[in-house]
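The values are calculated or read from the model by the stated rules, or taken from the named source; none is laboratory data. Not measured: the values here are computed from a predicted model. FYI the Cβ positions are ideal-geometry reconstructions off the backbone, even for glycines, and counts take in every protein chain you see. Keep in mind that these areas ignore ligands, DNA and RNA; they rest on the heavy atoms of the full protein, side chains included. Shrake-Rupley method; radii C 1.70, N 1.55, O 1.52, S 1.80 Å.
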Amino acid sequence: MVVLSEKVLDYPFEVSKIRKLRAGNRVLVNGTIFTGRDRVHKYLADGGECPVDLNDGCIFHCGPIAVHKDGGWVVTSAGPTTSARQDPYMAHVISEFGVRLIIGKGGMGDATRKACAEHGCVYLQAIGGAGALLAERITEVKGVHFLKEFGTADALWELVAERLPAVVAIDSNGRSIYDSVKESSRTALDGLFKRRVRLD
């Protein structure tokens with residue numbers, strides 16, 4: 001069994017670091033990350049003022065569950081949400097705000113892939129259905145924005161991650177592990193059909 005090494009990514013996520021990543025690389029993300037779902041992305045794409053600096057930053061498609069504790073916030077669950085919902089706005093957010101990392105699940109479309117290639121950004125696939133496990137990698141809540149406007153799940157949370165695991169699903173050359181899976185699945189399916197025809 002081959003064990004792939006993990007690449008450590010420390011904030012800020014400069015484009016020189018991002019351009020070295022390849023689809024399929026396993027990574028560990030350290031430092032400041034920002035959550036954002038549909039409402040934040042639409043707000044930014046519609047020209048809203050961003051309260052944080054996203055340049056060389058990371059957007060995590062996540063609606064964390066956070067509770068008050070000792071005068072601050074503690075994240076108890078931080079599972080990725082479906083990234084396709086952000087697709088209509090993602091390319092604009094990448095180009096306008098200099099985002100370098102996107103973390104989510106399920107993949108993104110051609111517009112986002114092209115923006116990643118043009119501007120130097122990667123899309124990372126996080127573990128779906130493991131919100132409590134990923135929350136253990138969130139060491140601090142530095143702040144929260146749009147809490148009253150958008151609610152807890154859709155607010156923009158400013159978090160600190162320590163060794164948050166993910167896989168590069170779309171790299172800054174536009175390569176996608178989802179394409180590889182589709183091709184291998186199609187090949188396997190064609191083989192099954194051919195075998196069935198021979199048996200019949």
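Projecting the alpha carbon convex hull of region 8-48 along each direction and taking the average yields 4.1 nm². Projecting the Cα positions of His41, Gly104, Ile138 onto the charge dipole of the chain (unit charges on Cβ atoms of Lys, Arg, Asp and Glu, taken about the Cα centre) puts Gly104 furthest along the positive direction. Each residue, Thr152 and Ile127, gets one label point 7 Å from its Cα in the Cβ direction; the gap between the two is 2.3 nm.
Taking the centroid of alpha carbons for each part, region 127-162 and region 11-70 are 11 Å apart. Taken along the Cα-to-beta-carbon direction at a fixed 7 Å, the label points for Val160 and Val15 span 2.9 nm.
What is the magnitude of the charge dipole of the chain about its Cα centre, with +1 placed on the Cβ of each Lys and Arg, -1 on the Cβ of each Asp and Glu, and no other charges, expressed in debye to the nearest 20?
The dipole magnitude comes to about 980 debye.
Of all aspartates and glutamates in the structure, the ones whose alpha carbon falls short of 19 Å from that of Lys69, not counting any fewer than 8 places away in one chain, are Glu136, Glu140, Glu158.
Calculate for the chain the 222 nm mean residue ellipticity that helices alone would give, adding -39,500 (n - 2.57) per DSSP H run of length 4 or more and normalising by residue count, nearest 500 deg cm²/dmol. Calculated at 222 nm, the ellipticity per residue is -9500 deg cm²/dmol. Taking the alpha carbon gyration tensor of region 23-101, multiplying each eigenvalue by 5 and rooting it gives semi-axes of 22, 17, 13 Å, largest first.
Which of the DSSP-defined H helices in the chain satisfy a minimum axial length of 18 Å, computed from C-alpha atoms, and a minimum mean Kyte-Doolittle hydropathy of -1.0? Before the final figure, lay out the partial values.
On the way: long enough: 177-199 (33 Å, -0.53).
Those that pass (Cα extent of 18 Å or more, hydropathy at least -1.0) are 177-199.
Each principal axis of the Cα cloud of region 122-166 was evaluated for its coordinate range; sorted largest first, these ranges are 30, 23, 19 Å. As I understand it, the dipole of region 86-181 uses +1 on the Cβ of Lys and Arg and -1 on the Cβ of Asp and Glu, about the Cα centre. Which of Pro88, Cys116, Ala161 lies farthest toward its positive end? Highest projection toward the positive end goes to Ala161.
Percentage of Cα-Cα pair distances in the chain greater than 30 Å, rounded to whole percent?
22
With a 1.4 Å probe and all protein chains left in place, how much of the accessible area of the chain comes from carbon and sulfur atoms, in whole percent? Spell out each step's value before the answer.
Numbers: 5280 of 10280 Å².
Carbon and sulfur: 51 percent of the exposed surface of the chain.
Taken over the alpha carbons of region 79-145 as equal point scatterers, the Debye sum produces base-10 log I(q)/I(0) values at 0.15, 0.20, 0.25 Å⁻¹ of -0.54, -0.86, -1.08. Residue pairs exceeding 24 angstrom between C-alpha atoms, taken from Lys42/Lys114; Lys17/Lys42; Lys17/Lys114: Lys17/Lys42.
Based on the mean of other Cβ atoms within 10 Å per residue, sort peptides 165-176, 5-16 so the most packed one is first. Display every interim value, and only then the final one.
Working: 165-176: 20.6, 5-16: 14.6.
Peptide ranking by packing, descending: 165-176, 5-16.
Cross-link partners of Lys7 among aspartates and glutamates, defined as those whose alpha carbon lies under 18 angstrom from its own and excluding same-chain residues fewer than eight positions apart: Asp56, Glu162, Asp171.
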